[in-house]
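Notes follow the structure.
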Amino acid sequence: MFKQFTEAQRTALRAHKYSGADLSLTYKYILSPFAAACVERLPLWVAPNLITAVGLALPVSTYALGHYLSPTFECGNVPRWFYLWSAFSLVFYQTLDNMDGKQARRTGSSSPLGQVFDHGCDALNAFFSGTNFAVTCCCGTQDPALLAAVLLVPTVPFFTNTWEEYHTGSMILPVVNGPSEGLLIAAALNVAVWGGGDFWRAPLADRWPPLEYLAGGVALGLETLLGPSAATFLAFGGGGGEGEGTGEGAHTPRDLFVISAVVLVSGTALLQMYGVLAHTWGKLSADRTRLMNQPTGLTAAKLLAPLVDLFPLAWVLGFGGAWMAASWGGEGGLAQRRPRAFAALLTFLIVEAVVSLIVAHVTKSRYTPLRVPSLPLPAAWAAVAKFGTSPAQQEQLLLAYLLGVIVYLAAYLAFVVSEFTSTLNIKCFSIRKSA
C-alpha cells in the first residue's frame, strides 16, 4: 500500500538533524524548568517516545469520558469535575510533551523518529483535546461557528507550522504559541467553567468591561472586513446566535473566543506564509545573475510554489466544511447527530497530511499535496448536497468513511515507524543498548 523509502531517503533520514526553538517566555522560565526537574526523576531506560505516548493516553481517555458524558458537546448533564479533569489532562500532556525531548538528549537517543512521533502525537492531541474543549465551551449542535472555532484553533496552525518547517528547515514557535500559552489558557478556561456552562453566555460588560470594548471593536472590524453575512454566521454580539452582527446584544466570552479564533488562525497563517515566501525569495535572490536572466513569470512561479503544499488543508476545510454545512439542518441533521464523527474524520485527514509532510521533511522528499484519504470528500459532499441521499445512508457513508480513514491512518503510522526503526536501527518504545 505504501512505497518503501528509497536509498536516497534513507541516507537523508540518517543525516537529518532537528532545528527549532520555542521563543515563549512561559516555556523558558516555567514550563521548561519544570519539565527538566521532572525528567531528572525518570530512569534512564525510559524511552522518549514512551513518555510521549503516555502523555497522549490521558487526553484520549478524557475524550472517551467526554464522549460518554456528552456525545453532542452539550454540557447540561456534564458533572463539574469533568472540567477539572480536562484541565489536568491538558497540563499533563503539555508537561510530558516537554519532557520527551529532554529525556532524548539526556539518554543520547534523539532521532528523526522522535521528531515524527512527537509531532504526530501533537497532531492527534489537537483533535482529542480540541473536542474535549468543545464540551467545555458547551458548543452543542446549534452553534456551528463556535464548534468550528474550537476545532480549527489547534489544527490549522499546526498544519501551517509544519508546512513552514518543511520549507524553511526549522520550526520556530513564536513568543506566544499554542503548545505553551494556548494549552495553559485552555486549561484555565476549563477551571473557569467549573461552575457551569453559563460562563460562556454571561455578558462581558457585567464582569470585564474592558473586554467588552475590545470584543466590540474587533467584531466591528471583522464585520466590516468579512461582511454582514459572515458576521451573522459568527453571531458576534448575539450570544451564539441570538442577535445579528455587532450592533445587537452584549458580547459574551463565547463571542470573544470566536473573535480570537478568527484573528489568531488567520493571523498565524498569514505570518507563516510571509515567513515561507521570504525564505523562498532569499534562496532565489542568492543567485542574482540567474534571477535577472530568467522570465519574471518563472520567478513568480518559483516564489509561490510553496503555497501549493497548502492544498491538503484547503481541500479538507473546503469540501469537508461544505459537507458538514450541507448536513447541518434542524434537530435531525447528520452534523447534529454525529458531530464527533465529523470532527474526527476531518481532523484525522489533516493529521495524515501533517505526518506525510513531516516525513517528507526529514527524508528530504518532495511532498505530494494530493492526499489519497481526502479524495472522496467531494463525492461525500455531493451525496448529501446534490443527490439527496436518505439520513440513514448519509450516516452510513460518514461512519464508513471515518472507519476507512482510521484504518488507513493506523496502517500508515505503523509503516512510518517500521521504516524509521529499520533505517535508523532503533526501537520505538525502548532505548537500544550500545554494544
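The values are calculated or read from the model by the stated rules, or taken from the named source; none is laboratory data. Fair warning: this is a prediction, and the values are worked out from it, not measured in the lab. Using ideal geometry, Cβ is built from the backbone for each residue, glycine included, and neighbour counts are taken over all protein chains shown. Each accessible area value is taken on the protein alone, full model and side chains, heavy atoms only, with ligands, DNA and RNA left out. Shrake-Rupley method; radii C 1.70, N 1.55, O 1.52, S 1.80 Å.
Some values worked out for this structure:
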item	result
Residue in segment 108-120 that is farthest from residue 416 (Cα to Cα), counting only those that are hydroxyl-bearing (Ser, Thr, Tyr) and open to solvent by less than 40 Å² (accessible area, probe 1.4 Å)	109
Selection status of residue 350, crowded, with 18+ Cβ neighbours inside 10 Å and either under 19 Å from the mean Cα position of the chain (by Cα) or at pLDDT 90 or above (or both)	yes
Residue within segment 303-320 that is more than 23 Å from the chain's Cα centre (by Cα) and of a type in the set (Gly, Ala, Ser) present	yes
Odd one out for residue 417, checked against (1) open to solvent by 50 Å² or more (accessible area, probe 1.4 Å); (2) on the phi < 0 side of the Ramachandran plot	(1)
Where residue 155 falls short, out of the listed (1) among the β-branched types (Val, Ile, Thr); (2) within 28 Å of residue 47 (Cα to Cα); (3) touching a His at 6+ places or on another chain (Cβ under 8 Å)	(3)
Number of the exception - residue 150 against (1) open to solvent by 20 Å² or more (accessible area, probe 1.4 Å); (2) of a type outside the set (Asp, Glu); (3) closer than 23 Å to residue 264 by Cα; (4) touching a Gly at 6+ places or on another chain (Cβ under 8 Å)	(1)
Pick from segment 8-30, criterion in a helix (DSSP H, G or I) and hydrophobic (A, V, I, L, M, F, W, C), ranking: least open to solvent (accessible area, probe 1.4 Å)	13
Subset of segment 121-144 [charged (D, E, K, R) and over 11 Å from the mean Cα position of the chain (by Cα)]	143
Within segment 357-371, tally of residues that are over 20 Å from the mean Cα position of the chain (by Cα) and open to solvent by 80 Å² or more (accessible area, probe 1.4 Å)	2
Residue check, residue 323 assigned to a helix (DSSP H, G or I), at pLDDT below 95 and aromatic (Phe, Trp, Tyr)	yes
Selection from segment 327-347 of residues that are surrounded by fewer than 21 Cβ atoms within 10 Å (Cβ to Cβ), assigned to a loop (DSSP other than H, G, I, E, B) and of a type outside the set (Gly, Ala, Ser)	328, 331
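Rundown of residues vs (1) open to solvent by 80 Å² or more (accessible area, probe 1.4 Å); (2) closer than 19 Å to residue 165 by Cβ; (3) touching a residue at least 12 places away in the same chain (Cβ under 8 Å), yes/no style:
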| site | (1), (2), (3) |
| --- | --- |
| 269 | no, yes, yes |
| 280 | no, yes, yes |
| 283 | yes, yes, no |
| 287 | no, no, no |
| 290 | yes, no, no |
| 295 | yes, no, no |
| 305 | no, yes, yes |
| 314 | no, yes, no |
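Rundown of residues vs (1) in a loop (DSSP other than H, G, I, E, B); (2) touching a helix residue (DSSP H, G or I) at 6+ places or on another chain (Cβ under 9 Å); (3) farther than 20 Å from residue 163 by Cα, yes/no style:
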site: 373; (1), (2), (3): no, yes, no
site: 388; (1), (2), (3): yes, no, yes
site: 394; (1), (2), (3): no, yes, yes
site: 407; (1), (2), (3): no, no, yes
site: 417; (1), (2), (3): no, yes, yes
site: 420; (1), (2), (3): no, yes, yes
site: 423; (1), (2), (3): no, yes, yes
